[in-house]
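J.: Quick one: structure below, then a few questions.
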Amino acid sequence: MPGSILGSAVLRSEDPRFLTGAGRYVENLRREGALHAVFVRSPLAHARVRAVEAEAARGLPGVVGVFTAADLDLPPMPKPRRVPDPCARPVLARDVVRFAGEAVAVVVARTREQAVDAAEAVVLDLDPLPAVVDPLRALEPDAPLLFPEAGSNVVREKRWASEGDPLEGAEVVIRARFVNQRLAPVPMEPLAALAEPDPDTGGVVLWTTCQAPFLLRDDLARGLGLPAEKVRVVAPDVGGGFGAKIATYPEQVAVAALALRLGAPVRYVETRSENLQAMTHGRAQVQEVELGATRDGRVVGLEARLVADMGAYPTGTYLPELTRDMASGVYRIPRADVRVQCVVTNTTPIESYRGAGRPEATAMLERAVDLLARELGLDPVEVRRRNFIPPEAFPYRTATGLSYDSGDYGRALDLALELAGYEELRREQANRRARGDPRQLGVGVSCYVEVTGWNPELGRVEVNEEGRVTVVTGVSPHGQGHETSLAQVVASTLSVPFDAVTVRHSDTSLLPYGHGTMGSRSLQVGGSAALRAAEAVVEKARRMAAQLLEASVEDVVVQDGRVGVVGAPDRTLSWAELARAAADPASLPDGEEPGLRSEVEFEMEGNTFPFGAHVAVVEVDTETGDVRLLRHVAVDDCGRIVNPVLVDGQVQGGTAQGVAQALYEEVVYDEEGNLLTGSLASYAVPSAAELVDVTIAHTETPTARNPLGAKGIGESATIGSTPAVWNAVVDALAPFGVRHVELPASPERVWRAIREARLVPGRRDGGE
């Protein structure tokens, strides 16, 4: 019903085209005469490039050309300002390759099959160099250097400390080292790009799978030496991103450069093995933490050292800063001291992956809190409750300097425990332990808060002469349902039917700029921009209606899809009538421009801080180490909920990825930098059979930092779920004296932890 759709459970308007196979992905786009690019990648993790022998490949049927770094002569990729200059990544490796899978040359042919055959005929003459894949090894004085000119593998180092010794007054100090393992994002659609010369501008159009088209446009313009207005980037339907499609890839730049050079469309589609090898990875952080507390379980301070593996090229140096920002979590921790070291290794570069630095913080803190509870002999729930930031303390400034907007952490935890049946689970656990059941029950709790909502966003709303409404946004969906949620916001504001609204996005020709979809920002920032633009259209319509109906503006209202005089149903105008009148300058009030449209920039005054509590229940076979997830309860608070269907979908998917990190997924290299998990046969992405139907509930604590009252939800469940499952696994092993198991808690790791604990004299179950 018009006017009441905001907050309603509306099914996604995008889904019919996906369910009927009408999605428009990059690989579906057809261009007459399009050429095909295939990249020649280094099989070695670290080597000097002595030569690229391509004559045989150039002579094969259909080959248009084989291009090296010298042939394309492109500037290096953008890098963070604070990273040493020698560390910039080349589009194609010229002198040195620094990870297995780095592109050294690109073959262009008339068919993909011809390009593949030619790429296999290119011979790389490489002189192997010593490789380093372990970030701690990269810190050692005798470690191989990736960038000798920089003088060190440490590319950024910083310490943030609040005043005073963080462990002063501590009666108990928990010391631990955690590894937040390297993950591959594995989106359903790998990287794909189709570039074609633009005859209208003399520039280029790039159709590609990405999360931030305007960012990519600007990077392309710099790389190609073109003004931004001569570069157009379009992201059609995008099959997932999870943060890995924010960054600009060398392959995208190379394909665009080739299209300009050859005067023809050029396309490239990654294979799955290329995707696992070349698309940026996530996480990869070693954490040493000290958590100090009093004997009654009240935390006095936290000290942490984070070693962040950046891979071969350090573009993700902001990630550990986000870990530092969120290091105190939901707790009133008065002092914190966090030191970060970003190091390079001969591995795939690290960039954003769902949560981007915040999951690492929550995992570190929530494991430490569980260790503290165990040390003190307290229920982990009770330790959390004693340290929560209370609701009346908001807005709350943390020891790491952030200003949390609003929260009620205890309420979320209480609801999660109630839904899980916490007390009954503890009774069942005690019974299994008492009878020595080989299948032990573990219950894990995690409480989290994260930071969302960066950067301004543009929104445009326009009503046409048929009364249909178009919303143009700078956010760029890749599965979130923005076409539905933004239509709800605008339909509610204009009091028009939901299906009268069309949302356009992901095309740099539509708006001057946009910041894309990342950091759970889209609805709260992009939706607020659309809301403000719609409100501006309403105000203009009221002024026009007042003049046309000879009434006071104060007496004009929007109701049931019409604009008219309150209490006078015969004195109203439809949106179509108003749009037609707006096209006639004579019908407009003085000072009004033609057209019924508005474009608004919206920026929040500070970030928002979604939060929640997760409870995981696992069963561990203590004879084999196998872990089975039995239940998972997720209570997430994203402020005001615009569409519960979309929110619950984000929670289901986010939880799946969080559980995957806890139990299954890990990128593994050997000592020479060879990728051992280079296919989905070896990289363990769980299927529906390994997961459970998540029990989902919400609390709603609106924020005052945007007019919707909304906070982010896209990453929340990933952040909350991993430590809940992790804690549950360790909880199941407590009778054996096991204090910790590294991620992922695979059967082998769990079995070894039990076996090693049994070999230690004095364990409660006896020794061998």
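J.: Restricting attention to the stretch 549-562, does a residue exist that is surrounded by 13 or more Cβ atoms within 10 Å (Cβ to Cβ) and in a helix (DSSP H, G or I)?
T.: Checking the stretch 549-562: at least one residue is surrounded by 13 or more Cβ atoms within 10 Å (Cβ to Cβ) and in a helix (DSSP H, G or I).
J.: Taking the conditions exactly as written (modelled with pLDDT of 95 or more, under 21 Å from Gly474 (Cβ atoms) and either touching a Phe, Trp or Tyr at 6+ places or on another chain (Cβ under 7 Å) or crowded, with 24+ Cβ neighbours inside 10 Å (or both)), does Thr248 satisfy them or not?
T.: no
J.: Another one. Which one is surrounded by the most Cβ atoms within 10 Å (Cβ to Cβ), of the residues in the stretch 316-345 that are assigned to a loop (DSSP other than H, G, I, E, B) and touching a Lys or Arg at 6+ places or on another chain (Cβ under 6 Å)?
T.: Met326
J.: Could you check how many residues of the stretch 456-501 are on the phi > 0 side of the Ramachandran plot and of a type in the set (Phe, Trp, Tyr)?
T.: 0
J.: Answer yes if at least one residue in the stretch 158-174 is of a type in the set (A, V, I, L, M, F, W, C) and assigned to a helix (DSSP H, G or I), and no otherwise.
T.: Within the stretch 158-174 (the criterion being of a type in the set (A, V, I, L, M, F, W, C) and assigned to a helix (DSSP H, G or I)), the answer is no, since none of the residues qualifies.
J.: If Thr484 satisfies all but one of (1) over 30 Å from Pro320 (Cα atoms); (2) β-branched (Val, Ile, Thr); (3) buried (at least 24 other Cβ atoms within 10 Å of the Cβ); (4) within 21 Å of the chain's Cα centre (by Cα), what's the number of the condition it fails?
T.: Every listed condition holds for Thr484 apart from (3).
J.: Among (1) assigned to a loop (DSSP other than H, G, I, E, B); (2) among the aliphatic types (A, V, I, L, M); (3) touching a strand residue (DSSP E or B) at 6+ places or on another chain (Cβ under 6 Å), where does Val651 come up short?
T.: (1)
J.: Counting only residues that are surrounded by fewer than 23 Cβ atoms within 10 Å (Cβ to Cβ) and touching a helix residue (DSSP H, G or I) at 6+ places or on another chain (Cβ under 9 Å), give me the strands (runs of 3 or more DSSP E) lying completely in the stretch 387-481 with at least 3 of them.
T.: The qualifying strands (runs of 3 or more DSSP E) are 439-449.
J.: Which of the residues that make up the stretch 251-266 are open to solvent by 10 Å² or more (accessible area, probe 1.4 Å), over 16 Å from Val104 (Cβ atoms) and out of contact with any Lys or Arg (no Cβ under 8 Å at 6 or more places or on another chain)?
T.: Hits for the stretch 251-266 are Leu260, Arg261, Leu262, Gly263, Ala264.
J.: Take the residues of the stretch 483-533 that are small (Gly, Ala, Ser) and touching a Phe, Trp or Tyr at 6+ places or on another chain (Cβ under 7 Å): which is nearest to Ala710 (Cα to Cα)?
T.: Restricting to residues being small (Gly, Ala, Ser) and touching a Phe, Trp or Tyr at 6+ places or on another chain (Cβ under 7 Å), the top hit is Ser528.
J.: Looking only at the stretch 50-81, count every residue that is farther than 23 Å from Ala34 by Cα, in a loop (DSSP other than H, G, I, E, B) and open to solvent by less than 70 Å² (accessible area, probe 1.4 Å) and tell me the total.
T.: The qualifying residues number 5.
J.: From the set of residues in the stretch 563-574 that are open to solvent by less than 30 Å² (accessible area, probe 1.4 Å) and more than 17 Å from Pro589 (Cβ to Cβ), which is farthest from the chain's Cα centre (by Cα)?
T.: Filtering first and then ranking leaves Ala568.
J.: Of everything in the stretch 271-289 that's part of a helix (DSSP H, G or I) and of a type in the set (S, T, N, Q), which residue is least open to solvent (accessible area, probe 1.4 Å)?
T.: Checked the stretch 271-289; the qualifying residue least open to solvent (accessible area, probe 1.4 Å) is Asn275.
J.: Consider Ala684 against the criteria (1) farther than 23 Å from Asn727 by Cβ; (2) open to solvent by 40 Å² or more (accessible area, probe 1.4 Å); (3) small (Gly, Ala, Ser): it satisfies all of them except one. Which criterion is unmet?
T.: Unmet for Ala684, out of (1) farther than 23 Å from Asn727 by Cβ; (2) open to solvent by 40 Å² or more (accessible area, probe 1.4 Å); (3) small (Gly, Ala, Ser): (1).
J.: Go over the candidates Arg24, Arg12 one by one and state the one that is part of a loop (DSSP other than H, G, I, E, B) and open to solvent by 70 Å² or more (accessible area, probe 1.4 Å).
T.: None of the other options fit; the residue is Arg24.
J.: Something else: Which numbered condition trips up Leu302, out of (1) assigned to a strand (DSSP E or B); (2) within 30 Å of Phe178 (Cβ to Cβ); (3) open to solvent by 10 Å² or more (accessible area, probe 1.4 Å)?
T.: Only one criterion in (1) assigned to a strand (DSSP E or B); (2) within 30 Å of Phe178 (Cβ to Cβ); (3) open to solvent by 10 Å² or more (accessible area, probe 1.4 Å) is unmet by Leu302, namely (3).
J.: Quick one: which of Gly527, Gly606, Gly591, Gly516 is assigned to a loop (DSSP other than H, G, I, E, B) and either of a type in the set (Ser, Thr, Tyr) or open to solvent by less than 10 Å² (accessible area, probe 1.4 Å) (or both)?
T.: Gly516
The values are calculated or read from the model by the stated rules, or taken from the named source; none is laboratory data. Quick caveat, the model's predicted, so the values are computed rather than measured. Here Cβ is always computed from backbone atoms with ideal geometry, including for glycine, and neighbour counts include all displayed protein chains. Heads up: the accessible areas ignore ligands, DNA and RNA and are worked out on the full protein's heavy atoms, side chains in. Shrake-Rupley method; radii C 1.70, N 1.55, O 1.52, S 1.80 Å.
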